Protein chains: 2
Amino acid sequence: MDLIERLLNKDKRAVARLITMAESHDPKVIEVIKKLYYKTGHAHVIGITGPPGTGKSTLTDKLVKALRKEGKSVGIILVDPTSPFTGGAILGDRIRMNDLSTDPGVFIRSMATRGHLGGLTKAVKTAVRILEIYEVDYIFIETVGVGQSEIDIVRNVDTTVMVLMPGSGDDIQALKAGVMEIGDIFVINKADREGAQRTKLEIEMMLDYGNLDWRPPVEKIVAIENKNIDKLLEIVKEHKNYLQQTRNLQKRRAQNLKHEVMDLIYQKVIDSIFDSSENEKKMNRLVEKVMTKDMDPYSATELALEEMDLKKIGHNK
Amino acid sequence: MDLIERLLNKDKRAVARLITMAESHDPKVIEVIKKLYYKTGHAHVIGITGPPGTGKSTLTDKLVKALRKEGKSVGIILVDPTSPFTGGAILGDRIRMNDLSTDPGVFIRSMATRGHLGGLTKAVKTAVRILEIYEVDYIFIETVGVGQSEIDIVRNVDTTVMVLMPGSGDDIQALKAGVMEIGDIFVINKADREGAQRTKLEIEMMLDYGNLDWRPPVEKIVAIENKNIDKLLEIVKEHKNYLQQTRNLQKRRAQNLKHEVMDLIYQKVIDSIFDSSENEKKMNRLVEKVMTKDMDPYSATELALEEMDLKKIGHNK
């Protein structure tokens, strides 16, 4: 296959092509990855996330430039917002990163929601594998906002950097509600603004309640002025070392892999149930009975499972 | 069962209790609904959705008060935002609706994301059924923002009111991208602000491209001043009549029911696959092989399907 050779020859356009194929869930990409899967797993994958307006793109830009100074190659995936109501404004911001795209050691790519969100998570995962095979040292995945799909995407990275800014008091309250645990490193960007230290203390107080091997550092930076970017990069590397030395990297990746395979099984099973016209007819008959109130939806489900011969699934020996 | 009797006796606290149980996916609620399912289907369910800040709560409040003047009983479900980063601010807004909660003809309830978003969609659906059995005439479901979960929730209602405000040009651009089709009625709230007419025309232009039985009306209102609320209510009733007369109500509900039963089948099948410790062991062995690069995740999935005897699913006669 031509694309395989081109990918092995580090042809950027082949990477772009494959990621486009991943976005439209073209099965040919999977064939490419299957053949070259042995090459994956060497890049360190960093998720950059947090509320809109905190300067994530600037921060990514500066971190990447710092890595480039060390001669490291980098892949960047910009995940477009899931809410159709915030789309326009945010993308404009990212134009600033365009100068990175002329750097031969950087591959940069925007990926958008097409259809269902679950599809994007899967496409991003595929894109990461393509970049790994392309042999970059670091992969950045930047998401905007923290909805369910962003959380799903970030769950698949090695190091998650949560970017906040001074005075995001409400945001921090919200973090308590469940996003907290996805941050490996907290950054207070725009830390030249008032309230940076208070925001730092608020976050640290929350972290005190956790009982973790890795206590997430909280770092104040001013990305646009390059202030403390080197320090942040050091912390990212510390986290990388921590993951490797404790074998948590292995554990985390194995866990993600398990979820992925479960998801894939899930899809195949569901597809094969509902691709059958026989089952389709059974479904329609049952739905009609529920519509006329001769049955409730829960009993209809039970009956469908019986009629479709699905009750014994999982109980094979 | 005590709760069944209390629900039939129109005990508000029983409704509250059952919805709390629905939120935590307590199977006892399902037993209650199974027994009383014959009572469902008579309420008209209205979804109120749109970007944050457009005044959805005020609009809901006024519409409900107009219906109360006609002696109609109403259930209101306020769905809490999915993004943990916008939670705090928005909920404050809703405190204004508290005076409705002392009205005996109104049942009002906030429901929040607990864990996975799919769970919320399911819990909201269950809550709607409880309110139907409780015999309200109208049910309002108000969501904040339009992420995937809001779209999923709104897909299950009879009439969707999309609330915008003047000058939400970006929002309207975004609507084109796919949210457009979920609006049965468009409202430009805060229409005393500049640009209301232009926003109205922009929306109507988009609607010209569609070829629909029901051409969604675009109504300018000022909810806080009660301006055009009665007119909006008339339009809601027109949509209700349209759905009933064309049998589109039946079709829409049958479609939703089918998706629900498919989802329920989906969950049961998946649960039974992964509840088996045998299958769990198989999974772990395969994941290990992928971790050591002896296999790729896609081939592992194929093998898992074979080993778990799932390949023939859907191909029963």
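Assorted remarks:
- Taking the conditions (1) more than 9 Å from every other protein chain (Cβ to nearest Cβ); (2) charged (D, E, K, R); (3) more than 30 Å from B:Asn189 (Cβ to Cβ) in turn, B:Lys237 satisfies each one other than (3).
- Tabulated pairs, segment A:28-43, first more than 19 Å from A:Asp158 (Cβ to Cβ) and at the interface with chain B (Cβ under 9 Å from one of its Cβ atoms), second assigned to a helix (DSSP H, G or I) and aromatic (Phe, Trp, Tyr), C-beta under 7 angstrom, 6+ apart or interchain: A:Ile30/B:Tyr298; A:Lys34/B:Tyr298
- Restricting attention to segment A:115-157 and to residues that are crowded, with 23+ Cβ neighbours inside 10 Å and acidic (Asp, Glu), the residue that is modelled with the lowest pLDDT turns out to be A:Glu150.
- Test: residue in segment A:268-286 that is of a type in the set (A, V, I, L, M) and modelled with pLDDT of 90 or more: yes
- Filtered by the rule that a residue be facing another protein chain (nearest Cβ under 7 Å) and free of Cβ contacts under 8 Å to residues at least 12 places away in the same chain, segment B:251-268 gives B:Ala254, B:Leu257, B:Lys258, B:Val261, B:Met262, B:Leu264, B:Ile265, B:Tyr266, B:Lys268.
- Every condition in (1) part of a helix (DSSP H, G or I); (2) away from chain B (no Cβ under 14 Å) is met by A:Trp214 except one, and the failing one is (1).
- Of the listed requirements (1) modelled with pLDDT under 85; (2) surrounded by 23 or more Cβ atoms within 10 Å (Cβ to Cβ), A:Gly88 misses just one: (2).
- If you go through segment B:277-312 and keep only what is touching a residue at least 12 places away in the same chain (Cβ under 8 Å) and surrounded by fewer than 20 Cβ atoms within 10 Å (Cβ to Cβ), you end up with B:Lys282, B:Leu303, B:Glu307.
- Residue in segment A:292-304 that is more than 7 Å from chain B (Cβ to nearest Cβ), modelled with pLDDT under 90 and under 38 Å from the mean Cα position of the chain (by Cα) present: no
- Top-ranked residue of segment B:240-278 - restricted to ones that are among the small types (Gly, Ala, Ser) and closer than 30 Å to A:His259 by Cβ, ranked as nearest to the chain's Cα centre (by Cα): B:Ser272
- Residues that are over 15 Å from A:Tyr138 (Cα atoms) and loosely packed, with under 13 Cβ neighbours inside 10 Å within segment A:232-249 comprise A:Gln245, A:Thr246, A:Arg247, listed in sequence order.
- Where A:Phe186 falls short, out of the listed (1) modelled with pLDDT of 85 or more; (2) part of a loop (DSSP other than H, G, I, E, B); (3) under 20 Å from the mean Cα position of the chain (by Cα): (2)
- Among the criteria (1) crowded, with 20+ Cβ neighbours inside 10 Å; (2) closer than 22 Å to B:Thr159 by Cα, the one B:Leu7 does not fulfil is (2).
- A:Asp230 closer than 20 Å to A:Ile48 by Cβ, touching a residue at least 24 places away in the same chain (Cβ under 8 Å) and among the acidic types (Asp, Glu): yes
- Residue satisfying all of: in segment A:159-183; within 14 Å of another protein chain (Cβ to nearest Cβ) and modelled with pLDDT of 75 or more; farthest from A:Ala223 (Cα to Cα) among these: A:Ile182
- Residue match in segment A:207-226 (condition: touching a residue at least 60 places away in the same chain (Cβ under 8 Å), surrounded by fewer than 20 Cβ atoms within 10 Å (Cβ to Cβ) and at negative phi): yes
The values are calculated or read from the model by the stated rules, or taken from the named source; none is laboratory data. For clarity, every value in this text was computed on a predicted model and none was experimentally measured. As a convention, Cβ positions derive from the backbone with ideal geometry for all residues, glycine included, and neighbour counts pool all protein chains shown.
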